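To keep things clear, I will list the structure first and then write my remarks on it.
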Ligand SMILES: [Zn+2]
């Protein structure tokens, strides 16, 4: 997301591109509104608790209490002791998939697991041949994850469908509704995100089956271990026919601080930033830490440090690095200034001993931006400058592109429907008319990016404490879980 207080130079251009920003004075106003709306919301909400008649219409037992219980239960299903970790088709992922299937069936859905480990639950409604509404999120997690990332999107949808089921309206849906728990969004095990959703969208190359994890096991090996014999022929049968799909909706925690800062539980997503992952390998001359003079070293660790600092400088101030007349234009520079974020999250050295100058250092680079051209310009500039640094230091550099995803715009019509559903949910809970539903951009990638290649997509964001995610400190208020379920219920009711 944009920084809270961008410079006045880029403020107007950011606004032009609909990126949410807050200037210093506007921020004060927002904070005031935030306080007021939080007070109004909290006050009005306490009224809901007291109004027993209204309360039962809002199904807190299912949309809040049961949903929160399920989130906690799913959060305990882990491959690790003491922290949450579920990767592509790991034992814990299989267990979590079985649990989700039970909950899907409890919501009245017919279930199955496909050959990439995605868990599906579907209800045909009144017209089984109508185009289906897909709702999804991911079942896998990062390492030492929070319990809401991915799971909240699945459970809010299932709880809303359960309400339709117990109120006798599930069969009255005007089109099929299918909830999909995707098997791989985070890409932890194979460093390739969206294995599950990309297969369904038809954009996963068959070569993905040969990707290896750190221990040398391929995706295909994992499938075989789980009794799935996938061939090139039946691999492509995973793809959904675009003509059979009406649209895709995903509820997800915001993973950022904007909703908390404006004091509202829900926001609608306008678009998702594009992203690139690089793997940089620096090779030098391995040697004794005590005997090789400093002037004679070709140290890949020191070179990697300089490359990482270069990345930070470039992404903090792209305007200082990108020329207007070369491969990048003013539009790209200006749009990058608000959304560009770059991270080195993983680094390893060989032989990794305290008394050895390393022979090789490898690190990852994650680059995200709303503007695809600008992101390409950054990668071009970064690569050129990295090679120059490596030449100067007499080490070799190899830069591999491991993952690319273009920015995705959410569908305008679908976003309006989700916005209306979010507004209805918040109004029903608070009992008063509230501020308009915030419109946000997503700096994080989501399964909706893959599904955008199949159908129109829309997303709702749910407030999370401190904007913290990918951490056990990730937290969503019980009432915000409720708001998410209620918004999904309102949205589904428009398909009755
Ligand atoms: Zn997620």
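Bear in mind that the values in this text are calculations on the coordinates, not laboratory data. Note that the structure is a prediction, hence the values are computed from the model and not measured. For neighbour counting, all protein chains shown are included, and Cβ atoms are generated from backbone atoms with ideal geometry for every residue, glycine included.
If R₀ is 22 angstrom, what is the calculated FRET efficiency for the pair residue 215 and residue 112, using the beta carbon separation as r and rounding to 0.05? Working shown, then result.
Values: r = 30 Å, r/R0 = 1.34.
Taking R0 as 22 Å, the efficiency between residue 215 and residue 112 is 0.15.
State the extension gain, in nm to one decimal, for the chain segment bounded by residue 73 and residue 61, taking 0.36 nm per residue of separation less the distance between their alpha-carbons.
On the way: separation 12, 0.36 × 12 = 4.32 nm, distance 1.62 nm.
Extra length available between residue 73 and residue 61 comes to 2.7 nm.
So, in nm, how far is label residue 346 from label residue 128 when the simple model puts each one 7 Å beyond its Cα toward the Cβ?
So the two model labels end up 4.4 nm from each other.
In what sequence, highest mean first, do 196-202, 310-316, 300-306, 222-228 appear when ranked by Cβ atoms within 10 angstrom?
The packing order, highest mean first, is 196-202, 300-306, 310-316, 222-228.
Taking R0 as 35 Å, what FRET efficiency do you get between residue 436 and residue 98 from their Cβ-Cβ distance, rounded to the nearest 0.05? Please report the intermediate quantities before stating the final value.
Details: r = 41 Å, r/R0 = 1.18.
Rounded to the nearest 0.05, the efficiency is 0.30.
With the calculation restricted to Cα positions, what are the radius of gyration and Dmax of region 274-405 in angstrom?
Taking only Cα atoms of region 274-405, I get Rg and Dmax of 16.0, 52 Å.
Indicate, rounded to the nearest 5 percent, the antiparallel portion of the DSSP beta bridges found entirely in the chain.
Looking only at bridges with both residues in the chain, the antiparallel portion is about 70 percent.
On C-alpha positions alone, give me the angle between the axis of helix 372-392 and the longest principal axis of the chain, in degrees, nearest 10.
Value to nearest ten degrees: 30.
Using label points projected 7 Å from each Cα along Cα→Cβ, tell me how many nm separate residue 471 and residue 401, to one decimal.
Label-label distance for residue 471 and residue 401, simple model: 3.2 nm.
Within 10 Å of each residue's Cβ, count the other Cβ atoms and sort 285, 90 from fewest upward.
Numbers: 285 15, 90 21.
By the 10 Å Cβ count, ascending: 285, 90.
Counting other beta carbons within 10 Å of each Cβ, put 350, 482, 246 in order, fewest first. Please report the intermediate quantities before stating the final value.
Values: 350 14, 482 26, 246 18.
Taking fewest neighbouring Cβ atoms as first place, the list is 350, 246, 482.
Working from the alpha-carbon coordinates of region 393-484, get Rg over Rh, Rh being the Kirkwood radius. Walk me through the numbers before you get to the answer.
Values: Rg = 18.3 Å, Rh = 16.3 Å.
Taking Rg over the Kirkwood Rh, I get 1.13.
For the Cα atoms of the chain, what angle does the longest principal axis make with the long axis of helix 24-50, in degrees from 0 to 90, nearest 10?
That helix lies at roughly 40 degrees to the long axis.
Before anything else, pin down the relative contact order of the chain: Cα pairs under 8 Å, at least 6 apart, normalised by residue count, whole percent. The partial results should precede the final answer.
Numbers: 1069 pairs, mean separation 113.7, N = 496.
Here the relative contact order equals 23 percent.
Which of the peptides 104-112, 119-127 is most tightly packed, and how do the rest follow, judged by the mean count of other Cβ atoms within 10 Å per residue?
Values: 104-112: 17.3, 119-127: 19.4.
So the peptides 104-112, 119-127, ranked by packing, come out 119-127, 104-112.
Quick one: 268, 282, fewest Cβ neighbours within 10 Å first, how do they rank? Spell out each step's value before the answer.
Numbers: 268 25, 282 30.
Fewest to most other Cβ atoms nearby, the residues stand as 268, 282.
Is the C-alpha gyration tensor of region 126-284 telling us rounded, prolate or oblate? Criteria: a/c under 1.5 is rounded; beyond that, a/b larger than b/c is prolate, otherwise oblate.
On the way: a/c = 2.12, a/b = 1.28, b/c = 1.65.
It comes out oblate by the Cα gyration axes.
Please determine, in degrees from 0 to 90 and to the nearest 10, the orientation of helix 330-339 with respect to the longest principal axis defined by the Cα atoms of the chain, where the helix direction is its Cα long axis.
70 degrees
Two decimals, Cα atoms only, Kirkwood Rh: what is Rg/Rh over the chain?
Values: Rg = 24.0 Å, Rh = 24.0 Å.
Rounded to two decimals, Rg over Rh is 1.00.
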